[in-house]
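The structure appears below as structure tokens.
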Amino acid sequence: MEERITDVLVVGGGVGGTAAAIQAARRGAKTILVSEFPWLGGMLTSAGVSAPDGNELFAFQTGLWGAFLRELVIRQPEGLDHAWVSFFTYEPRIGAEIFADWVRSLPNLEWIVGQRPRQVLKQGNRITGVQFPDFRIQAQITLDGTELGDLLAIGEIPYRWGWEARSQWQEPSAPDSSEIVQKLNATYPVQAPTWVVVMQDFGEGTIAPEIPPPPHYDPALFAGVWEGYGPEMFLNYGRLPGNRFMINWPQQGNDYGEGTERLIQDREAQQEFWQLAQGHSQGFAHFIQSQLGRRYGLAEETFPKGIPGCPGGGAYALHPYYRESRRLQGMVTVREQDLLPVVGGRVAALPHAGDSIAIGNYPNDHHYPPAAKQIYDLKLHPKSIRWGGRWTGTSFTIPYGALVAQEIDGFLVCEKNISVSHMANGATRLQPCVLGIGQAAGMAATLCIEQHCLPRELPVRSLQEALLQDPIAPSAVIPLFNLPAHHPDWLHWQRHYLDHPETYPIDGDAPIEPIALPINDSRTQNFSGIFCRLGDQQYTLTLTDQTVLNLVTLDAGIDRQLQTYQDREAIGVEGRWNPFGEWVLVNRITEERNA
């Protein structure tokens, strides 16, 4: 069998694995990335979730996440304002091309496609590499970037799967009964995956090919699917360019959480789950077509077809969107209370000793089949706020210790498989946060090689400094709502709160004056009218023709200005109009307020 040797081996081409490989190679390490599928980017691309959530505010658009957004703007002329679930919707193919181009630009990064790990190589308690069907790779540091934490199982590295009782970590939303936990773990141990399908509006008068129902199709499963929204708003939830729609709908939609234990069994059981999950999405697409008409059909050219070993393709994502995987038993475990805002604030407390290496701000969001509610009616502790005229999540950090195994050396995780509780996974699993985790893991692996140390021995401050000062994609490690990376004092305040975490403000604002972000966008328009304050952080603009537009922003300076306006004042704004979200994304206030 062929033997290969490298500095850093990343197994898995998902969001975290791709980010880790790019960052390790950019830092200078000889890196090999082995992916099962031909598209890199996982949740953002091959799983079809091209409407990412979390870290949407300008100040949180740092590192590889911010670089990815900026590249999307360049490569997608239609812009990113197409849906109401996200500020950033794009063709999955374009996202995959961005990651592939970044990888191919690095001469010290080798990308191998179509291989799954067979064996984890060890010497004592140290991992030394991975064996694949056609070759064996020896590495100084190995990273698990697989969608389901495959190396944890193959390498017999201690991990968790499923729910934990409240008694384990005193999480406020966890079940307080071990009997309930046992029932949940026997039926719905992890969040429901979704097999994303992309549909298309072929136009009035067009008859699209019929989407056949799958075996055992039951339309009752989708009854009331757009109740409270209506068909048009339902479709615009995940609207993409070209009159296409990402179908990833949680309400009586295509989440599929039956028999998820098969995901960590043998390949035959996994394939059985895939068949049923994809069939469920096919049934949902058939239902949509039957209800809304044959002008709607499958967008068959969205994903590559006929790839050996690939369960999806065409209108269906290459693989399911997994919300949860095996989770490492790490040196530190992220718990629900580590993500919740401090009393009276909108940020979680910083980790002990300023251990943060990535940031997130998504609410805690869990998906299960309706039957799970009969076992446990999950009431998640709230972690949302209104900011910039809309709802967003309170911010939190990911500690380095969550990437490091308790007893295994030469190994890091960089995906949804970090050391996190089942409950906290609902917020840490989102794409931008996982990109940050992957970037930090790739940087950490390279620093371990540079400093001749094991991951558990790595000085975290050296990792934080490397992330903050990366010459290509500097990444924030402290979430500050009003401190975007272009601010001249960004590095100073990032370092300040690492050195003095006890001074971290509970409102998440650094003591600075915001600086406007330069906007060069041909889609920007000017709007003038009467400002209306409907409530705290809820604003509209009434135009002269009485059209009412919602006003939202991702910019801290604009957020502050909007809060000073009174009801019924005249105002002019510059921004991008999103007709599907029915909002103007404001980037500048253009007219002086009333005297």
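The values are calculated or read from the model by the stated rules, or taken from the named source; none is laboratory data. What you are looking at is a predicted structure, and each value in this text was computed from that prediction instead of being measured. With ideal geometry, Cβ positions are generated from the backbone for all residues, glycine too; neighbour counts draw on all protein chains shown. In case anyone asks, the SASA skips ligands and DNA or RNA and just uses the protein heavy atoms, side chains included. Shrake-Rupley method; radii C 1.70, N 1.55, O 1.52, S 1.80 Å.
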Segment 393-479, convex hull of Cα, quarter of hull surface, nm² -> 5.8
Compute, for residue 233, the solvent-accessible surface of its heavy atoms (probe 1.4 Å) with the complete set of protein chains present, and express it in square angstrom to the nearest 10. 80
Using R₀ = 25 Å, calculate the FRET efficiency as 1/(1 + (r/R₀)^6) where r is the Cβ-Cβ separation of residue 266 and residue 156; round to 0.05. 0.95
Largest-first ordering by accessible area, 1.4 Å probe, given options 416, 183, 122, 379: 379, 183, 122, 416
Where Rh is the Kirkwood radius over Cα pairs, Rg/Rh for the chain: 0.96
How large is the charge dipole for segment 542-595, taken about the Cα centre, if only the Cβ atoms of Lys, Arg (+1) and Asp, Glu (-1) carry charge, to the nearest 20 debye? 80
So what's the net charge close to residue 399: Lys and Arg +1, Asp and Glu -1, counting the other residues with Cβ under 10 Å from its Cβ? -2
Work out the charge dipole of the chain with +1 on the Cβ of Lys and Arg and -1 on the Cβ of Asp and Glu about the Cα centre, then indicate which of 64, 553, 265 is farthest towards its positive end. 265
If the chain between residue 374 and residue 207 were fully stretched, how many nm would it gain, using 0.36 nm times the residue separation less the Cα-Cα distance? 56.0 nm
Ranked highest first by the average count of other Cβ atoms within 10 Å around their residues, in what order do 317-325, 529-537 fall? 317-325, 529-537
Where a Cα-Cα gap under 20 Å defines reach, which lysines qualify for residue 379, not counting those fewer than 8 residues away within the same chain? 183
Toward the positive end of the charge dipole of the chain, about the Cα centre and with charges on Cβ (Lys, Arg +1; Asp, Glu -1), which of 154, 291, 14 goes farthest? 154
Please get the size of the charge dipole for segment 247-305, origin at its Cα centre, with Cβ charges of +1 on Lys and Arg and -1 on Asp and Glu, quoted in debye to the nearest 20. 340
Hey, can you find the accessible area per residue of the chain for me, probe 1.4 Å, expressed in square angstrom? 38
For 333, 260, give me the order by solvent-accessible area with a 1.4 Å probe, most accessible first, ignoring ligands, DNA and RNA. 333, 260
Give me the Kirkwood hydrodynamic radius of segment 483-559, using the inverse of the mean 1/r over all pairs of distinct Cα atoms, in Å to one decimal. 15.5
Candidate aspartates and glutamates for bridging to residue 416, where Cα separation is under 12 Å - those fewer than 8 sequence places away on the same chain excluded: 144, 147, 150, 324
For residue 90 the rounded accessible area (nearest 10 Å², probe 1.4 Å, non-protein molecules ignored) is 0
Need one number: convex hull volume per residue for segment 323-451, Cα atoms only, in Å³. 126
Diffusion constant of segment 334-405 at 20 °C, which comes from Stokes-Einstein with the Kirkwood Cα-pair radius and 1.002 mPa s, µm²/s: 155
How much space per residue, in cubic angstrom, does the convex hull of the C-alpha atoms of segment 25-93 take up? 110
Express in Å², to the nearest 10, the accessible area of residue 310 obtained by rolling a 1.4 Å probe over the protein heavy atoms while all chains stay in place. 20
What's the magnitude of the charge dipole for the chain around its Cα centre, counting Lys and Arg as +1 and Asp and Glu as -1 at the beta-carbon? Answer in Debye, nearest 20. 440
Identify, among 230, 332, 306, the residue whose Cα sits farthest towards the positive end of the charge dipole of segment 213-334, taking +1 on the Cβ of Lys and Arg and -1 on the Cβ of Asp and Glu, with the dipole about the Cα centre. 306
Packing-based order for 360-371, 477-488, using average beta carbon neighbours within 10 Å, highest first: 477-488, 360-371
Protein accessible area in segment 1-75, 1.4 Å probe - carbon and sulfur %: 49
Rounded to the nearest Å, what's the spacing between the alpha carbon centres of segment 356-426 and segment 27-70? Just the number, please. 18
Using alpha-carbon positions, the gyration tensor of segment 1-123 gives root eigenvalues a ≥ b ≥ c; with a/c under 1.5 called rounded, otherwise prolate if a/b exceeds b/c, else oblate, the class is prolate
With a ≥ b ≥ c taken as the square roots of the eigenvalues of the C-alpha gyration tensor of segment 518-595, please select rounded if a/c is under 1.5 and otherwise prolate if a/b is larger than b/c or oblate if it is not? rounded
Cα gyration tensor category, rounded, prolate or oblate, for segment 440-595 with a/c compared to 1.5: prolate
Please work out how much length the chain gains when fully extended from residue 118 to residue 275, using 0.36 nm per residue of separation minus the C-alpha to C-alpha distance, in nm with one decimal. 54.2 nm
Kyte-Doolittle mean at least 0.0 and Cα axial length at least 20 Å: DSSP H helices in the chain: 431-451
Keeping every protein chain in place, order 452, 280, 381 by accessible area at 1.4 Å, biggest value first, i.e. largest first. 452, 381, 280
Calculated from DSSP helices alone, with each H run of at least 4 adding -39500 (n - 2.57) and the total divided by the residues of the chain, [θ]222 nm to the nearest 500 comes to -7500 deg cm²/dmol
Got a sec to turn the phi values of segment 50-59 into Karplus ³J(HN,Hα) couplings, 6.51 cos²θ - 1.76 cosθ + 1.60 with θ = phi - 60°, whole Hz, x for Gly and Pro? 8, 9, x, 10, x, 6, 7, 5, 3, 5
Using packing as a proxy for protection, rank 94-106, 383-395 so that the peptide with the highest average count of other Cβ atoms within 10 Å comes first. 383-395, 94-106
With the full set of protein chains in place, find how many percent of the accessible area of segment 101-166 is carbon and sulfur; take the probe as 1.4 Å. 42
For residue 384, enumerate residues with amide H under 5 Å from its amide H, sequence gap 5+ or separate chain, H modeled in the peptide plane. 394
